[in-house]
1. Can you find a residue that is closer than 25 Å to N218 by Cα, open to solvent by 10 Å² or more (accessible area, probe 1.4 Å) and at pLDDT 95 or above anywhere in the stretch 96-111?
2. What are the pairs with Cβ atoms under 6 angstrom where one residue, in the stretch 120-136, is under 15 Å from A70 (Cα atoms) and the other, located anywhere, is in a helix (DSSP H, G or I) and β-branched (V, I, T)? Sequence gap at least six, or different chains.
3. Going through I206, I162 one at a time, which residue ends up being open to solvent by 10 Å² or more (accessible area, probe 1.4 Å), out of contact with any Asp or Glu (no Cβ under 9 Å at 6 or more places or on another chain), within 21 Å of I89 (Cβ to Cβ) and free of Cβ contacts under 8 Å to residues at least 12 places away in the same chain?
4. Which ones in the stretch 102-126 are touching a Phe, Trp or Tyr at 6+ places or on another chain (Cβ under 9 Å) and under 19 Å from N180 (Cα atoms)?
5. Determine, yes or no, whether T47 is more than 24 Å from L110 (Cβ to Cβ) and part of a helix (DSSP H, G or I).
6. S231 passes all but one of (1) within 19 Å of the chain's Cα centre (by Cα); (2) at pLDDT 80 or above; (3) more than 17 Å from H57 (Cα to Cα); (4) open to solvent by less than 40 Å² (accessible area, probe 1.4 Å); which number fails?
7. Within the set of pairs 6+ apart or on separate chains, which have a first residue in the stretch 171-191 that is closer than 17 Å to K105 by Cβ, a second that is among the hydroxyl-bearing types (S, T, Y), and C-beta atoms under 8 Å apart?
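The values are calculated or read from the model by the stated rules, or taken from the named source; none is laboratory data. Since we're looking at a predicted model, the values are computed, not measured. Heads up, the Cβs are rebuilt from the backbone with ideal geometry, glycines too, and the neighbour counts pull from every protein chain shown. These accessible areas exclude ligands, DNA and RNA; they are computed on the full protein's heavy atoms, side chains included. Shrake-Rupley method; radii C 1.70, N 1.55, O 1.52, S 1.80 Å.
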Amino acid sequence: MFQNNRSWIIVTLVVAAIGFLVKDPYYAHLFSFLCVYAVLAVSFRFTMLVGEINLAHASFFGIGAYVSAALTISFSVPFIIAIILSGLIAAVISVVFGLIAFRVKGAYFLLLSFAFAEMVRLFFQNVWKDVLGGVNGIAGITMPMNYYYGFIAVVTLLVLYILYRLEKGNFGKILIAIRNSDDLSRSIGINSFKYKVLALVISTFIAGICGSMLAHFNLVISPQDFSFHLSIIILSFVIIGGRNNFVGPIIGVILLTIVTEYIRGFGSFETLAYGLAIIIAMLFLPNGLVGTLNSISLLKDKNSKIASREEAKT
C-alpha cells in the first residue's frame, strides 16, 4: 500500500476526495466507519508487534469517545482540543495499565486486559452519571465542523502513514525483536519493558483519537458500544486480514464490514459469527487473506523462475 510515494499520493487523493465529496448520509456514515475502524485495527496490531494481544483496546477507544463527548457537551471545549485530550487521556491511563499488565505474559496478560475492559465499561455505566449518562450513554453529540467526513479521511491517512513509518523504522524493528525473543532482546541491552509500554501508549493514543472521531459522527455513544464484543471484532479484523502485514487489518475491516451487513440481523449470534470467522481464518488462512495472497504470488514467481531456467537449458 505504501511501497512508494506515488502509490501513497494516489491513495491519499482518492480517500480524501471521497471524504470531502460523499453526500449520502448512509455512505458517509459507512465511509467514516471504515476510516475509523481501519486506524483502530492497525493501532491494535501495533501492540501485537511486541507479542501481546490487548483485549482492552476497545476500552481506550471508548475512553476517547467519552472524553470528547463529555468535554464538548458538558464543558463546551472546542472539538480540536477535545480530540487531542481524548488521545492524551487514553494514553496516560494506558501507562498505568501497561506498568501492571506487561509484568505478565500470554494468558495472564489477556485476563488482565479483559478485566480492565470490564472495569472501564462499569465505570462508564455507574460513575458520574450526570455527565457520562449511565447505562443510556451520551446523546446529543454534534458534528463539530463542515466537511467532517473529509477531516476524518485526512486524519486517517495521516495516522496510518505515521504508524507505517514507525513500524518500518528502527522502533518497529525493536518491537519485532522483542516479540521474537524477549530474553535475547534484553541480553543485548534493549529495555523490552519500556518499549512494550511505549508501543501501548502510542496505540492507545491513536485509539482515543479514533473514539473521539466516532463519537462525533455517530452522535450517540453508550457503554455497550465498547464492550468485549468490540475487542473480538477488532481482533477479527487483524486475524482475517493478516496480522503479519501492515495492510492486513485494513483489508480485514473492509471485508468484515461487508459481511456485517449480512449478519446484522443475527442479534446475539453476531459475536458467534465473528468467532466462527476467526476459527475458519486460522484453519484455512493462517497468515490472513493478505498473507495468503502474498504466498501465492511468491509461489507463482518461484515457479516462473524455475520454468525460465528450464527453457534456458533447453
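1. Scanning the stretch 96-111, I find no residue that is closer than 25 Å to N218 by Cα, open to solvent by 10 Å² or more (accessible area, probe 1.4 Å) and at pLDDT 95 or above, so the answer is no.
2. That search, which allows pairs on different chains as well, returns Q125/V135.
3. Only one candidate passes the filter, namely I162.
4. Across the stretch 102-126, the qualifying residues are F102, R103, F109.
5. So T47 fails the test.
6. It fails just one condition, (3).
7. L175/Y195; A177/S185; I178/S185; I178/S192; I178/Y195; D182/S192; S185/S192; R186/S192
Per-residue answers, yes or no, for (1) within 12 Å of the chain's Cα centre (by Cα); (2) acidic (D, E); (3) surrounded by fewer than 23 Cβ atoms within 10 Å (Cβ to Cβ):
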{"site": "T12", "(1), (2), (3)": "no, no, yes"}
{"site": "K23", "(1), (2), (3)": "no, no, yes"}
{"site": "A28", "(1), (2), (3)": "no, no, yes"}
{"site": "S32", "(1), (2), (3)": "no, no, no"}
{"site": "Y37", "(1), (2), (3)": "yes, no, no"}
{"site": "V42", "(1), (2), (3)": "yes, no, no"}
{"site": "M48", "(1), (2), (3)": "yes, no, yes"}
{"site": "G51", "(1), (2), (3)": "no, no, yes"}
{"site": "I84", "(1), (2), (3)": "no, no, yes"}
